[in-house]
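I have placed the structure first, in the form of structure tokens, so that the comments after it can refer back to it.
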Amino acid sequence: MKLGLLTAPFPDMPLGEIVDWARSVGFEALEIACWPKTSGASRRYAGTSHIDAAGTSAAQAKDIAAELAGRGVTISGLGFYPNPLHPDRAYRETVIDHLKKVIVLASNMGVQLVNTFCGGDASKTVDANWEDAQKIWPAIIAHARDHGVKLAFENCPMIFSYDEWPGGHNIAYSPYVWRRILEAWGGDVGMNFDPSHLVWQMIDKERFIREFGKNMLHVHAKDLMIDHDGLYERGILSAGIGWQVPRMPGLGDIDWSRIFSGLYRAGYDGPVIIEHEDRRFEGADEKVKRGFLLARDVLRPFIK
């Protein structure tokens, strides 16, 4: 295993500076945020572009990869998390076009993994969304296969605010859907596993790892705290809004020793990438760094 971080919380810091800092404090890997260069932030920690997929030539991509390798950093994957099942067709086509560019960039860099979302239309049922996914995703998956790249869907429902309520913007969040994804596309698509999303859904984390561990291509380390006062006020029908609180690893409800026990038993030996969405450690780069360092010290004993 290698411990690293997702670069998204440093939108204004050049990639080279992130690499220098990450290496200086003991991180070994980076997931590089690759949103469109001109899109700007559409939500918290989205919109960061540390490599411009649309404006980077094949030769430049090789140079970037060589430079990072020479500085002792592994690229765990390229990250772009849009909604390819969005109900607005124009938006959907725009983000799919960029996702395909990120796949080409990864191929040119010699990076074998692109992390993303399956997507979802919050106004539709999961089953109806799955019908849409079967129409939209095969062409994207074929594009990735042709470029020697695998896709990893994160298991995040994308329900944090009323803009995403009630159905969320990503259907790849539960065993019910994951069995379908893997049956349909398992040779080309795997999971970017984030245990925090299971906490508030009351999905058994260890059982989930036992069932899907062999399909995990990438792991996000993020914690989550249930605010029981918020849960009391709003109830479970609020779908987590007002009581699911993203935290740095070690500050939430996850027992990381049990998560790593399950990952090792499942044979996972890939990157563990800290995803920073903790409001207590944001607002300035130094605060973001402090959060990453706290998570590093919690997780490091489990990663050898």
Open item on the list: Kindly evaluate V102 against the criterion of being of a type outside the set (D, E), closer than 30 Å to P301 by Cα and at pLDDT 95 or above.
Closed with: no
Task: Selected residue (criterion: surrounded by the most Cβ atoms within 10 Å (Cβ to Cβ)) from residues of the range 205-216 that are over 24 Å from P301 (Cβ atoms) and touching a Gly at 6+ places or on another chain (Cβ under 8 Å) - done: N215
Task: Every residue from the range 162-213 that is under 23 Å from D253 (Cβ atoms), in contact with an Asp or Glu (Cβ under 8 Å, 6 or more places away or on another chain) and assigned to a loop (DSSP other than H, G, I, E, B) - done: N170, A172, D194
Open item on the list: Residue pairs, Cβ under 9 Å, 6 or more apart or interchain, first in the range 91-108 and touching a residue at least 60 places away in the same chain (Cβ under 8 Å) and within 16 Å of Q60 (Cβ to Cβ), second open to solvent by 40 Å² or more (accessible area, probe 1.4 Å) and outside any helix (DSSP H, G or I). List them.
Closed with: L105/D52; L105/A54
TODO: Test each condition in (1) out of contact with any Pro (no Cβ under 9 Å at 6 or more places or on another chain); (2) in a loop (DSSP other than H, G, I, E, B); (3) among the aliphatic types (A, V, I, L, M) for L217 and report the one that comes out false.
DONE: (2)
Open item on the list: I need the full set of residues from the range 229-239 which are out of contact with any helix residue (DSSP H, G or I) (no Cβ under 9 Å at 6 or more places or on another chain) and open to solvent by less than 30 Å² (accessible area, probe 1.4 Å), in order please.
Closed with: G235, A239
Task: Subset tally (residues that are touching a residue at least 40 places away in the same chain (Cβ under 8 Å) and either over 22 Å from D97 (Cα atoms) or of a type in the set (S, T, Y) (or both)) for the range 123-139 - done: 4
Task: Odd one out for W130 among (1) buried (at least 19 other Cβ atoms within 10 Å of the Cβ); (2) under 19 Å from the mean Cα position of the chain (by Cα); (3) modelled with pLDDT of 95 or more - done: (2)
Open item on the list: I'm told M202 meets every condition in (1) in contact with a helix residue (DSSP H, G or I) (Cβ under 9 Å, 6 or more places away or on another chain); (2) at negative phi; (3) open to solvent by 10 Å² or more (accessible area, probe 1.4 Å) except one. Can you identify the failing condition by its number?
Closed with: (2)
Task: Residues satisfying the stated conditions in the range 280-296, i.e. touching a residue at least 24 places away in the same chain (Cβ under 8 Å), farther than 26 Å from G190 by Cβ and not in a loop (DSSP other than H, G, I, E, B) - done: R280, F281, D285, V288, K289, G291, L293, L294
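The values are calculated or read from the model by the stated rules, or taken from the named source; none is laboratory data. Just so it is clear, the structure is predicted and the values come from calculations on it, not from any experiment. Neighbour counts are summed over all protein chains in view; Cβ atoms, including those assigned to glycine, are modelled from backbone coordinates with ideal geometry. What goes into the accessible areas is simple: the full protein's heavy atoms, side chains included, and nothing from ligands, DNA or RNA. Shrake-Rupley method; radii C 1.70, N 1.55, O 1.52, S 1.80 Å.
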